[in-house]
Every structure is written in C-alpha cells, then in structure tokens.
Amino acid sequence: MSFVKEIDYGTPAARSDKTVTLTIDGREITVPEGTSVMRAAREAGIEVPKLCANDMVKAFGSCRLCLVEIEGRGGTPASCTTPAADGMKVSTGTERLQTIRRGVMELYMSDHPEDCPACAAGDCEMARMARTVGLKEVRYGREGENHIWPAREGKANPHFVEMDLSNPYFAYDPSQCIVCSLCVRACEESQGTFALTVEGRGFESRIAAGMHEPFLESECVSCGACVQACPTGALREKSVIEKGMPEWSAVTTCAYCGVGCSFIAEMKGEDVVRMVPYKAGKANRGHSCVKGRFAYGYAIHKDRILRPMVREKITDPWREVTWEEAFRHVANEFRRIQYQYGRSAVGGITSSRCTNEETYLVQKLVRQGFRNNNVDTCARVCHSPTGYGLKTTFGTSAGTQDFDSVEQADVVMVIGANPTDGHPVFASRLKKRLRQGAKLIVLDPRRIDLVRSPHVEAAFHLPLKPGTNAAVLNALAHVIVSEGLFDEAFIRERCDWDEFQDWAQFVLEPENSPEAVEQVSGVPAETIRGAARLYATGGNAAIYYGLGVTEHSQGSTTVMAIANLAMATGNIGRPGVGVNPLRGQNNVQGSCDMGSFPHELPGYRHISEDATRAIYEALWGVKLDDEPGLRIPNMLDAALEGSFKGLYIQGEDILQSDPNTRHVADGLAAMECVVVHDLFLNETANYAHVFLPGSTFLEKDGTFTNAERRINRVRKVMEPKNGYADWEVTQKLAQSLGLDWNYAHPSEIMAEIAATTPSFAGVSYELLDREGSVQWPCNEKAPTGTPVMHVGGFVRGKGKFIRTAYVATDEKTGPRFPLLLTTGRVLSQYNVGAQTRRTANVVWHEEDRLEIHPFDAENRGIRDGDWVKLASRAGETTLRAKITERVAPGVVYTTFHHPATQANVVTTEYSDWATNCPEYKVTAVQVTPSNGPTEWQEDYEALSRRSRRIVHVEAAE
Amino acid sequence: MSHEAGYKTGEEKLVYMANQIARFFEAMPHEEAVSGVADHINKFWEPRMRRHLFEIVARGGEGLRPLVLEAAQRVKRPREADA
Ligand code: SF4
Ligand code: SF4
Ligand code: FES
C-alpha cells in the first residue's frame, strides 16, 4: 500500500521564458525568473522550514521561519518572498538562522496547546517544525496571555474563542490557529469566495468567517481549500478527527460534475478518511468543491441496495435473489420479449455517471447481444445538441480547449451556464482570470452569481427571455458583420468564404438586428451592441456555455450560432479562445464518445458507415444493424404503442431526470421487463421488474472523460459492497445471454476501445499512469493527446457557417400560464440528488424552492416561504416560494434535486429539433398560493412507498 | 393512476418533430433544405418512426409542412423486417 504525497514547493511556480541560476547551500540550480528562493531551494532538494507559505497561494512572509542568508546582503530575508536572482549565493541552515528559527518557534509553541491532538496525530506542522528547527523546550510556559485556555482560576480567558463546529465537514479550533493567513489566501486566490478575514491586530488577531459568523452561516461554500491550506490543526476535516490519520492513498477522479477533479483518496483500510485535491490533476490543479472533497458518504449510506432483486409485477414487493437468478431472469425475459415482439423490442441506457469502459460495454451489449441500436444515454437530456452542433460546424462533438486555456482569455462569454454552482472549480479558475482583468459577458435570464461577486463584475449582462438564445446570438453576429468586426483573414483561410457570405447575408436581415431582437428577447439593443463589440475586439475571446443553451427546442441551432460567432471572429484554434460546453455529469463527454447514441458507434461514427461497422463485425463476430435505433423519448413512445417491451438502464434515473414525468411513467409501465442497475432504489426503480445493485466510483477501476475531453483514471480503493463493479455486472449479464465476454480488468476494455476507435488509438492504462491524463484525440498524430483542437485547421476541413434562424418555441405564455419557468441546479447538490441528498450536503439545500420576483409574488399574494402550486399544460406540483430579484419579472426558477418536488411533472415534452434534447429551460406556468401537495404528489408518494417494499430472504447468497 | 395524459402521443408527435426539423432547414436555399430534412431523418429516425411518417404521407400528409412532404420522397424506406 502506497501513500501518494505531493511535494510542496512553498510558493507557486513562476511563468517566465527567462531563467536565473543561483547556488543554494552549495548546490547550483536554474529556475524561471520570478521563482522564490524558497521554491528554488525545494527544487534543488532543500527544504527550508516554513509555516505561512504553500505552493498554491502567493507568499505573505509573516511567520519568519523561512529566513535565509544571502551572500553580500545584510540581514536574514524571508526566502518565500525573496525572488531568486542570477549569481545569488544562499545559505539556508547556518547556526545563526537556526537560532532565530528556534526563537520564533518557541514563541509560537508557547501559545499552542501542549496536548494538541493534531500534533499528536501528525496532522499539524507545528510539531514537525519544532523538531526541524531543534526546539526542545518552551521556556515561557503557557501561563501568560494566550488563546489556549477557556478559563483559568474561575476567570474566563478574554482571548479564548470557542470551536466552530457548524460546518458538517470541518471544524475550526481558534486555539490552534497561528494566524498565518494561509486559509484567508486560499479562500481568496484558489476559491475566489473571500469568506475569511483576519480580525483584530497583533496578539488580538484571529481568523473569522464572514461578518464574524459561524462558517455555516457565512458566505463560505465549504470548498475546503482553507482546511487543506491550514498548517496546524485549527482547520481540520471532521472525518480525520474521528477516524485518525490515513494509512494509504490512491489518485482517482471525482464522480460528480464534468470538471473531473483529480483527488488523492486517503484511506484507512477500506475507509475513506479524506479526499485531497491532487495538485498534479490538470483539470483542477489542487482545488475542489464541497461535493468532490466531502460528499462521498453516499457510498456507504444505509439506503444502498446490495442484493439483486426481482418481482413479477411492479405492484409486487421486491424479492431478494442471487446474482445468478437475477441474470438468468433478465436473460430469459429479454429473449422471450425479442422472440415475441421482435428483435427491436428491447434496448439499453448507458450512464453518464459510469466509466467509459462500463458505457462501452452497455452499448456493446445492445449492438452485439440485442442485435439492434436501441441504446441511448441521459446525455440526450443535456448535451446532445452540443454533439450535433459542433460536429456539423467544426467536425468534432466536443469542446475545443482545456481548462488551463482560460488563463489566457481576455474576454469570456458565459451563456446559459451558472459555473459557480454547476462547475465550481472551473468557476474558481475563471474568477481568478477575471480578477486579473479579463472581461466578462453573461447571457442568462437570471442574474447568476458571476454577474456580481467579490472582485468580479460582468461588463455586460444580457438577461434574455428564456427561449431566445438563438435570436440574441444572431443579433451579436449582426453587429459583428455590419460593423466589419469579423476576421476576414481567418475566415478565408479556415472556412469557406462563400458560405460565410451566405451566412453574413442571413445575419444582416432586419429581423436579426439588435432592435428587432430587443423586441423578442427583452435585451436592450445597446447592450447587445456593446457585448458584440467587446467579444469581437477584446483580444482572446472564449465562450463557455451550459444547459441553458442546449435544453431548448433550438438547442442545436444555438450551439451552431455560437460556433458561427467564434469562427467569424477567428476565436478558435489557439489557447485562450474557443467554444466550451460545460458538461453536467462527470462522464457525459465519455458516454457520448463511447457510442451511447442510437445512431453512432464509438468515436462518433454513423452506424450506416459500412467500413466502421466492419471493424466491429470482425471483432464481435455478428452482423450489426445499419439502421439508427430509438432514442429515450422514442423508446417510451414505442412502449406506449406496444412495440418496445424491455429496457436495461445502467445508473440513470430517467423518471426523475427526463421531462414530462407522466410520459416516462406511462412508457415504463407499458414495458414487460425494466432492469434498473443503480446504487439506490431510485424513482425509475418504482417501475422496474429487476434491480441490479450498482457500485460507486470508489469501488472500481476505469476512466472518466471530463468536459475538456480529458481521460482521467478512476482507481479502486475498496471492494464493491454489492459484490461486483458495474462493468462486471454487464459482463455477467452478457454471458447469460450467451455472449463470449471475458474481460479480466477494465484496462482490457480500454484496449478494445483503442483498437477500434481512431481518436482513442493511443490510449492505454500504461499511458494514463505515465501521463496522469490525456485529452483525446490521442493517437499517432498526437501521442500525448490534444489540449486545444482545430489548431491550424478544422477537423472537418473547412469550418462551416450555418444559417441559424430563430424560431420561437411553441411553449408560449398566455392568460392561463403567464410565467416562464426555467430550471437549474445549486452547488451543494448534484443532478437528481440521489448521491448528495444522502450526505450532509443537505444542510445547504434541504428542498427545492421556486424563485419568483417580488412583483409577481405580490400580485399573487405570495410571501417568502409560502407553499405554492406550480402548474403547466403538462401537470402541476407544489413547493415553497423564495422571493428574489435574481429572476426577472415574468420568470420563475427552480432546481430539481429532490424527488418530492417532481419539477418534471411540470416540464413539457417539447424538445430540440435535431436531437430531442428536452426543453427544460422554458415552460409556461402559473403560480398560485397552495396549502399542500398535489394529488399527483400524493399518489406518487404512495406508489413509491408501495413499490419499495422488500421481502428479505435469509442467507440469499 | 388516473390522470389524463398530459402529452402528445404517437403520430401527432411525429408530425410535430418533422415540422420542427423543417423549420430549421427552411432558412436555407431550397435544394439544400430538401436534402437537409431528408438526410436528417435518414440519419436519426429509427425505421419504426420512418414507417409511421410514410403512413402519414400516404394518407395525405395532414399537418406536415410542405418541405417535409417534399423531403419524404428522399427518405429511405425501412426494410420490412425492421419495421
Ligand atoms: S471552505 Fe472554501 S469557501 Fe469556505 S472559508 Fe474555506 S476556502 Fe473559503
Ligand atoms: S463536483 Fe466537479 S468541481 Fe466539485 S470536486 Fe467534483 S469534479 Fe470538481
Ligand atoms: S514561510 Fe516565509 S515567512 Fe512564513
């Protein structure tokens, strides 16, 4: 068992092409100009004692422990704040220095608890530094003024501050704090929240959250950066306090969002003690959010189902069975259904939460085993328009940049995304760049946090009416073309000039003018003009967009409109620019890459291509169907009409995540064998006949691909509690269906992917172990992957300009439904919430609330916190109101993290014209005061209770 | 549960989807638009859905936009076994 330990170089790496050479303790070392003496020393293998510096934040020079002597200079400068210079001769360990350091440490220790539990556990630098500098005894004793004792001889100590245990995941013990300000700097620089301050001066000074509040009540977002930075036991993970220090660790990847942060999972036996963001992780560079760092407790939650279960009818209680019986049952049922109703009467759904290898196996099971193409994935409901739109215009179905690219952006346009909640670590990196002076444009109906947050303010916020993205983007293009702000040289070289002219003519049409678009979108024409000019002329301009773009009836159109803008202004094909979808779930990108869509094989190759099918036919030994299969909504339609009867769903909860819950429920109810493979009895399982227990990311090996096309390793740190990793379950199911699958390890599945998919040709577990991660395409031409795409030319050849006419959605407001509902998410919860609801993260979001503008609320006699009924053409639900000016009058907003809310009972089945991605972001609704749950909610609640009954069988295994 | 269906069913939905596709391509020159719609349906519609489309067209194509009707002539007929 090994322990992954990353070196702390003391100060951040300097970026410079110039280098300097100096000598430290007789060792010569060459470093980039701007490197601190401390870092140079560490690079030379010399550790200078330190307390108030680390390599993630700027040096502050307050502890005076890192002093050095420099030949020809007087005094003893702090090495963390002294830049290395050519020819410098530095000594780090003279007796004079050691004496000063001992003095410093002695003072610190006199105000540090003698019995500090963190020191004892080895989780406090104080004890280590005291040893390093050779401090043996503390002469002053701990009797004088200090922060340690609550009271002495019946008198309260005025300097003592109580522990703050308000945050569910970490504790703050002010008595151990040495006021080094590392936490304050981490909160500012790494996280960008500015929640911490140093209160008071000198001996009085203490760290405080917010306006001297408990952490939980302050603006703290619980990212944990301060805990990680704290050199003492003042800020510590509660899990470490409870379980003790970890014994071994492994590097793995967060299973929550599309940022795909790398973590060191620190373990004690099979128990996770803490997750520490991995500095070498290229997506997150040592930072993380509350979900990845702290919210892993669902993995051992009591609700997890660990035994397979079967039932004849969905009204029966569940019966626990052996794995063998479950596999046999599914195999028999699927064979019977195919015999009775035809080959295309069954299908599968892959998961964006599972690994690439697992996803690949599910689509293989459908294509090779079921012999049809009825496979789809929940990416259908989030980013399918990205795939379609970017493939059509650029030639690949993925974002163009890596996250590092944002460090070189001068203008950032965020469209329909809320990164501080949805993609927190990317948001922190973005905010860092904005604080350095990059300009921000936000297109979003809501005033998201980014529009105005500490030290960040958007240059333009375009609060467009939901559903008018395409119109506004066309208007931006109108301004760029009519004012001659396009990049002719780029377009002539990389695109087709005639196509550009055709497009230019289209965007110049009067209905695309800012004035005309102001009418439909509500965005002032002058704001549109200003934003267009800034985007086109502000230097490197990058677009980041989210589900607010894709989840519309014009989702694909809007993605293409974004691509048009980037091409017209030459903002593609180098660092700092590009078109970047912010993916929702951890492996949405990967599940799309792996051939989860019914019309394409892995690597986005259409199923009708003979040559591609031939590759798989040769390997799999079957003839593949050359016709596209059914998408999720089509499967449900086909089920209702009686021609689709069996579905294997891995790691998705379509009943909760797909639009129009009733359509999904009726469709599922019409099937004869629904197999749900998941961690929990999710909502979809209410309609299932077979439940196969799933495994968590901690229990398996594999890979996830994040929003930057980065393939990251997932490493097993504990045995699957249910017995099998998900890939093994699919394999055993395939074997029961008579397929000859014999993968011994996920690396063998990746080998098959690489052998059959040109853009993955170079990927192997050896390469990933060596490089840490790679971004596809990774093949002969790019042996270590491709950080930025379309450099020098587009993947499809010439970039394609497409006319993207605005078509108003048919979901219109009227007298019955006068408001527009749009949906989103919050930081602490994830997607349908199945995992995060089973962690302490609920303290931040106990329930979904309906955000409504004070004006609309007052008109309806609604007060903050009141129960309201939310009704649309599709259905109605109840939840509590939150009155806020974040939403414009006429717009209401909610999240969908809790099943009881059933927000998707309200959303309609309108969808993107090209991909059927549902229009979650626009629903015409009415809001009225209410006093309790609707009939649907009550019926559903009863059904859930009934359908979750389990008859336990003794010794089922 | 006895709730009336709050959604479109079967053919009604298919007509809606086909028209939606047409409305995107209508912005383009006619020839490109016709082949665009046909190509899109061929690439993404499962045989069952295409068969339904042909049935609707055969009955006179009620509700379908003219561009869909024109493009339908270039939509691939599903093989009998698939449909
Ligand atoms: S947890 Fe994060 S947001 Fe909260 S105080 Fe610490 S660094 Fe700041
Ligand atoms: S949820 Fe996203 S941002 Fe948070 S730690 Fe996981 S991958 Fe990183
Ligand atoms: S580490 Fe340099 S002064 Fe604290």
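The values are calculated or read from the model by the stated rules, or taken from the named source; none is laboratory data. Keep in mind it's a predicted model, so treat the numbers as computed, not measured. When we count neighbours, we look across all protein chains shown, and the Cβ atoms used for this are built from the backbone with ideal geometry, even at glycine. What goes into the accessible areas is simple: the full protein's heavy atoms, side chains included, and nothing from ligands, DNA or RNA. Shrake-Rupley method; radii C 1.70, N 1.55, O 1.52, S 1.80 Å.
Which of the following residues is among the basic types (Lys, Arg) and either outside the structural domain of A:ASP726 (by TED's automatic domain parsing) or over 28 Å from A:GLY667 (Cα atoms) (or both): A:LYS645, A:LYS623?
Step by step, each of A:LYS645, A:LYS623 is checked, and only A:LYS623 is among the basic types (Lys, Arg) and either outside the structural domain of A:ASP726 (by TED's automatic domain parsing) or over 28 Å from A:GLY667 (Cα atoms) (or both).
Here are A:GLY797, A:GLY792: which of them is in contact (Cβ under 8 Å) with a residue 60 or more places away in the chain, open to solvent by less than 50 Å² (accessible area, probe 1.4 Å) and not aliphatic (A, V, I, L, M)?
A:GLY797
In the set A:GLU213, A:GLU242, A:GLU204, which member is among the charged types (D, E, K, R), at pLDDT below 90 and within 16 Å of ligand 1 (Cβ to nearest atom)?
A:GLU213
Among the residues that make up the stretch A:272-295, is at least one of them assigned by TED's automatic domain parsing to the domain that holds A:GLN228 and away from ligand 2 (no atom under 16 Å from the Cβ)?
There is at least one residue in the stretch A:272-295 that is assigned by TED's automatic domain parsing to the domain that holds A:GLN228 and away from ligand 2 (no atom under 16 Å from the Cβ).
Filter the stretch A:800-826 down to residues that are of a type in the set (A, V, I, L, M, F, W, C) and away from chain B (no Cβ under 14 Å) and give me whichever is most open to solvent (accessible area, probe 1.4 Å).
Going through the qualifying residues, I end up with A:VAL826.
Take the residues in the stretch A:52-75 that are away from ligand 3 (no atom under 11 Å from the Cβ) and touching a strand residue (DSSP E or B) at 6+ places or on another chain (Cβ under 6 Å), then tell me which one is most open to solvent (accessible area, probe 1.4 Å).
Restricting to residues being away from ligand 3 (no atom under 11 Å from the Cβ) and touching a strand residue (DSSP E or B) at 6+ places or on another chain (Cβ under 6 Å), the top hit is A:GLU71.
Limited to the stretch A:562-606, what total is found for residues that are under 16 Å from A:THR915 (Cα atoms) and aliphatic (A, V, I, L, M)?
Here the count works out to 1.
Evaluate the following for A:LEU739: is it in the same structural domain as A:ILE615 (by TED's automatic domain parsing) and open to solvent by less than 60 Å² (accessible area, probe 1.4 Å)?
yes
Looking only at the stretch A:211-266, which residues are part of a loop (DSSP other than H, G, I, E, B) and of a type in the set (Val, Ile, Thr)?
Residues satisfying the conditions are A:VAL221, A:THR232, A:VAL259.
Provide a single number: the residues in the stretch A:615-636 that are at pLDDT 90 or above and within 7 Å of chain B (Cβ to nearest Cβ).
Counting residues in the stretch A:615-636 that are at pLDDT 90 or above and within 7 Å of chain B (Cβ to nearest Cβ) gives 4.
crowded, with 24+ Cβ neighbours inside 10 Å, of a type in the set (A, V, I, L, M, F, W, C) and farther than 12 Å from A:TYR544 by Cβ: which single residue out of A:ALA458, A:ALA471, A:ALA409 fits that description?
So the residue among A:ALA458, A:ALA471, A:ALA409 that is crowded, with 24+ Cβ neighbours inside 10 Å, of a type in the set (A, V, I, L, M, F, W, C) and farther than 12 Å from A:TYR544 by Cβ is A:ALA471.
Please go through the stretch A:273-304 and give me each residue that is crowded, with 22+ Cβ neighbours inside 10 Å, among the aliphatic types (A, V, I, L, M) and more than 16 Å from ligand 1 (Cβ to nearest atom), ordered by number.
Hit for the stretch A:273-304 is A:ALA283, nothing else.
Can you name the condition, by its number, that A:ALA874 falls short on among (1) modelled with pLDDT of 75 or more; (2) more than 12 Å from chain B (Cβ to nearest Cβ)?
(2)
Just give me the residues in the stretch A:746-768 being open to solvent by 60 Å² or more (accessible area, probe 1.4 Å) and under 22 Å from A:SER695 (Cα atoms), in sequence order.
Result: A:GLU748, single match.
Would you mention how many residues in the stretch A:754-796 are within 24 Å of the chain's Cα centre (by Cα) and at positive phi?
2
What pairs come out if I take residues in the stretch A:34-46 that are assigned by TED's automatic domain parsing to the domain that holds A:THR82 and more than 11 Å from A:VAL90 (Cα to Cα) and pair them with residues that are open to solvent by less than 30 Å² (accessible area, probe 1.4 Å) and among the small types (Gly, Ala, Ser) whose C-beta lies under 7 Å away, six or more apart or interchain?
A:GLY34/A:ALA14; A:THR35/A:ALA14; A:THR35/A:ALA84; A:SER36/A:GLY10; A:SER36/A:SER79; A:SER36/A:ALA84; A:ARG39/A:GLY10; A:ARG42/A:GLY10
So which residues in the stretch A:582-614 are among the basic types (Lys, Arg) and more than 14 Å from chain B (Cβ to nearest Cβ)?
A:ARG583, A:ARG613
Can you tell me which residue in the stretch B:37-47 is nearest to A:THR392 (Cα to Cα), limited to those that are surrounded by fewer than 20 Cβ atoms within 10 Å (Cβ to Cβ) and facing chain A (nearest Cβ under 10 Å)?
It comes out as B:LYS43.
How do the pairs read when you match residues in the stretch A:275-297 that are touching a residue at least 24 places away in the same chain (Cβ under 8 Å) with residues anywhere that are within 16 Å of ligand 3 (Cβ to nearest atom), using Cβ under 8 Å and keeping only pairs 6 or more apart or on different chains?
These pairs meet every condition: A:LYS279/A:ASP55; A:LYS279/A:MET56; A:GLY286/A:MET56; A:HIS287/A:MET56.
Among the residues of the stretch A:103-160 satisfying the criterion of being basic (Lys, Arg) and modelled with pLDDT of 70 or more, which is most open to solvent (accessible area, probe 1.4 Å)?
A:LYS136
Could you pull out every one of the strands (runs of 3 or more DSSP E) wholly within the stretch A:321-432 that has 2 or more residues that are within 14 Å of chain B (Cβ to nearest Cβ)?
Counting at least 2 such residues, we get A:346-350, A:375-377.
Condition first: assigned to a helix (DSSP H, G or I) and small (Gly, Ala, Ser). Now tell me which residues in the stretch A:497-549 satisfy that.
The answer is A:ALA504, A:ALA516, A:SER521, A:ALA525, A:GLY530, A:ALA531, A:ALA532, A:ALA536, A:GLY548.
Mind listing just one residue for me: the one in the stretch A:651-673 that is touching a residue at least 40 places away in the same chain (Cβ under 8 Å) and outside any helix (DSSP H, G or I) and, of those, nearest to the other protein chains (Cβ to nearest Cβ)?
A:ASN660
Restricting to the stretch A:637-650, name every residue that is open to solvent by 10 Å² or more (accessible area, probe 1.4 Å) and more than 12 Å from chain B (Cβ to nearest Cβ).
Within the stretch A:637-650, A:LYS645 is the sole residue that qualifies.
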